[in-house]
Amino acid sequence: MIEYRNVSVIRGGNAILDRVSLRIERGERVAFLGRSGAGKTTALRVINGLLAPSAGEIAVDGAPVATHELPQLRRRIGYVMQQPALFPHRTVFDNVATVPRLLEWPAEKTRAEAERLLAQLDLPLATFGARFPRMLSGGQQQRVAIARALIAAPEIVLCDEPFSALDPIIRAEMQSLFRDATRDRAATTLVFVTHDVREALRIAARVIVFEAGRIVVDTPADAFMNHPHPLVRRFVEA
Amino acid sequence: MSDLARLTGEHLLIVTIAVAIAIAAGVPLGTFAHRRRRLGGLALRITDVVQTIPSPAMFGFLIPLPFLGGIGPRPAIVALVLYSLLPIVRSTLVGLERVDPHVREAATAMGMTDRQLLWNIELPLATPAIVAGIRIATVTAIGVATIAAAIGGGGLGTLIFRGVAMVDTKLILQGAVPAALLAIAADAVLTQVEHYFAKRRGES
């Protein structure tokens with residue numbers, strides 16, 4: 001469970017996030033939709049403590065993020081961003097094994113999970129495990145980043161426009177792969193930042209629209225297309 | 001010939017000891033400079049100033065100092081350490097600054113502690129730059145070490161100074177040519193090491 005209580009983030013006198021209150025239940029699949037600068041990325045980054053709120057409080061599992069041991073908390077939260085940001089000096093396998101190693105999993109368990117997950121993402125471990133990130137295409141790198149975020153069965157998965165840098169065909173493919181890889185995880189809460197309506201509706205069950213640091217629409221995904229809010233209309237018609 | 005071999009050995013020994021000490025001090029200093037910008041900037045300026053002291057003057061300053069100074073190999077090593085420090089501190093700092101901020105953010109978001117981030121990600125990625133600094137430090141130290149003979153530091157400079165005193169060009173060259181060859185060889189070997197690490201971190 002993620003709870004925002006009047007969360008504001010102020011940078012250089014501007015409220016990037018303006019007194020946001022929001023509750024996301026365990027297992028929900030939520031999209032943060034908005035134009036660039038609307039505050040959706042900031043809203044994401046306060047969850048794993050990459051940013052601290054200027055005012056208000058954000059709680060994960062009932063306890064404020066500020067009171068968690070951040071490294072421990074972050075090992076339970078998967079994070080994928082627009083750039084794959086793989087560790088360039090580590091192989092695909094070692095990249096994927098990052099969190100299991102931090103959690104001191106037995107090596108066989110790490111290997112078995114990596115194998116299962118990479119197969120699901122169409123990057124068989126036997127073929128790709130020993131390769132270095134520079135040997136992969138952008139789409140392949142992003143799939144490794146997804147595997148790296150999902151491998152330890154995190155309770156929360158945060159995605160910040162993970163497919164925006166990919167070309168449209170690969171993008172649609174990645175959306176389906178991602179949906180399949182996360183679908184069978186009923187206990188995993190997903191928060192997915194995007195500016196793409198179709199992507200939001202494909203992946204999420206609940207859509208939250210940000211504008212100027214505030215939440216302007218919060219609706220089930222299947223009611224989104226008919227939502228009367230003018231910003232929604234503009235998104236739908238675009 | 002055995003004289004030449006002994007002096008070459010001495011030369012290599014004082015350079016190796018000095019560069020080893022400079023690495024042991026310089027890499028942590030560079031890391032610290034990266035974490036604490038203001039103090040780091042100060043440390044960098046001090047090593048900068050040290051670097052501008054001409055080497056004969058440096059040896060002169062060291063002679064009256066107790067313990068570290070005086071005459072012999074010890075003050076020679078101290079001087080070489082001081083000269084080697086700047087390139088190593090600076091290259092460590094530059095190497096750490098060049099780490100992609102997204103990579104750093106990914107490591108943090110995965111749940112690495114600051115220490116894990118440093119050892120698992122930042123230092124390995126900075127290694128090619130650090131090796132480049134070590135290479136520059138070593139080549140400089142091999143050159144400066146020839147002057148260390150002036151304060152009894154030993155090494156190939158002994159032949160050069162003896163040759164100058166005796167106006168014996170052959171003797172000067174017996175010291176100067178091996179010293180130059182050492183510098184060239186060290187440069188070539190460490191360039192290879194640098195390429196090896198650059199390749200491993202995925203640059204080429």
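Read-outs throughout are calculated quantities, based only on the coordinates presented, and are distinct from any laboratory measurement. Since this is a predicted model, take the numbers as computed values, not measurements. Note: ideal-geometry Cβ built from the backbone for every residue, glycine included; neighbour counts use all protein chains shown.
Taking the alpha-carbon distance from B:Lys170 and a cut-off under 15 Å, which aspartates and glutamates remain once sequence neighbours fewer than 8 residues away in the same chain are dropped?
Cross-link targets: B:Asp3.
Using a 10 Å cut-off around each Cβ of peptide A:80-87, what is the average number of partner chain Cβ atoms that fall inside?
Per-residue shielding by partner chains comes out at 5.
List the DSSP H helices in chain B whose Cα atoms stretch 30 Å or more along the helix axis and whose mean Kyte-Doolittle hydropathy is at least 1.6.
Those that clear 30 Å and a mean of 1.6 are B:123-148.
Helix A:107-120 sits at what angle to the longest principal axis of chain A, using alpha carbons and giving 0 to 90 degrees rounded to 10?
70 degrees
Note down the magnitude of the dipole of the protein assembly as shown about its Cα centre, charges +1 on Lys and Arg C-beta and -1 on Asp and Glu C-beta and zero elsewhere, to the nearest 20 debye.
Values: 48 positive and 38 negative charges, 67 e Å.
The dipole magnitude comes to about 320 debye.
Between B:Glu105 and B:Arg6, how high is the FRET efficiency from 1/(1 + (r/R0)^6) when r is the Cβ-Cβ distance and R₀ = 41 Å? Nearest 0.05. Intermediate results must be reported in sequence, preceding the final value.
Details: r = 54 Å, r/R0 = 1.33.
The pair B:Glu105/B:Arg6 has a calculated efficiency of 0.15.
Kindly put B:Asp168, A:Asp184 in sequence by how many other C-beta atoms sit within 10 Å of each C-beta, fewest to most.
With the fewest neighbours first, B:Asp168, A:Asp184 line up as A:Asp184, B:Asp168.
Among A:His68, A:His229, A:His89, rank each residue by its count of other Cβ atoms within 10 Å, from fewest to most, as a rough exposure measure.
A:His229, A:His68, A:His89
Applying 1/(1 + (r/R0)^6) with R0 = 45 Å to the Cβ-Cβ distance of B:Ala24 and A:Ser176, what FRET efficiency is obtained, to the nearest 0.05? Don't jump to the answer; show the numbers that get you there.
On the way: r = 53 Å, r/R0 = 1.18.
Efficiency computed from Cβ-Cβ geometry: 0.25.
For the protein assembly as shown, what value does the Rg/Rh ratio take when both radii are computed over Cα atoms and Rh is the Kirkwood radius, given to two decimals?
Checking Rg against Rh, the ratio lands at 1.15.
Only bridges whose two residues both fall in the protein assembly as shown count here: according to DSSP, what percent of them are antiparallel, nearest 5?
50 percent
Could you tell me the relative contact order of region A:1-69? Use alpha-carbon pairs under 8 Å, at least six residues apart, and round to a whole percent.
Over region A:1-69, the number comes to 40 percent.
What's the longest bit of chain A with no exposed GluC sites (Glu not before Pro), using DSSP loop states and at most 15 other Cβ atoms within 10 Å as the test?
Answer from the scan: A:105-238.
Is the C-alpha gyration tensor of region B:1-132 telling us rounded, prolate or oblate? Criteria: a/c under 1.5 is rounded; beyond that, a/b larger than b/c is prolate, otherwise oblate.
prolate
May I ask what percent, to the nearest 5, of DSSP beta bridges between residues of chain A are antiparallel? Show your work: numbers first, answer last.
Details: 20 of 39 bridges.
Roughly 50 percent of the DSSP beta bridges within chain A come out antiparallel.
Can you give the net charge of the other residues whose Cβ lies under 13 Å from the Cβ of B:Thr108, counting K and R as +1 and D and E as -1?
Local charge sum for B:Thr108: +1.
Taking 45 Å as R0, compute the FRET efficiency from the Cβ-Cβ separation of B:Leu181 and B:Arg115 and round it to 0.05. Show your work: numbers first, answer last.
On the way: r = 42 Å, r/R0 = 0.94.
Here the calculated transfer efficiency is 0.60.
When only C-alpha pairs under 8 Å and at least 6 residues apart count, what is the relative contact order of chain B, in percent?
Across chain B, relative contact order equals 26 percent.
Roughly how many debye, to the nearest 20, is the charge dipole of region B:3-101 about its Cα centre, given +1 on each Lys and Arg Cβ, -1 on each Asp and Glu Cβ, and no other charges?
Here the size comes out at about 420 debye.
Compute the acute angle (0 to 90°) between the alpha-carbon long axis of helix A:138-150 and the principal axis of greatest extent of the alpha-carbon atoms of chain A; round to the nearest 10°.
The answer is roughly 80 degrees.
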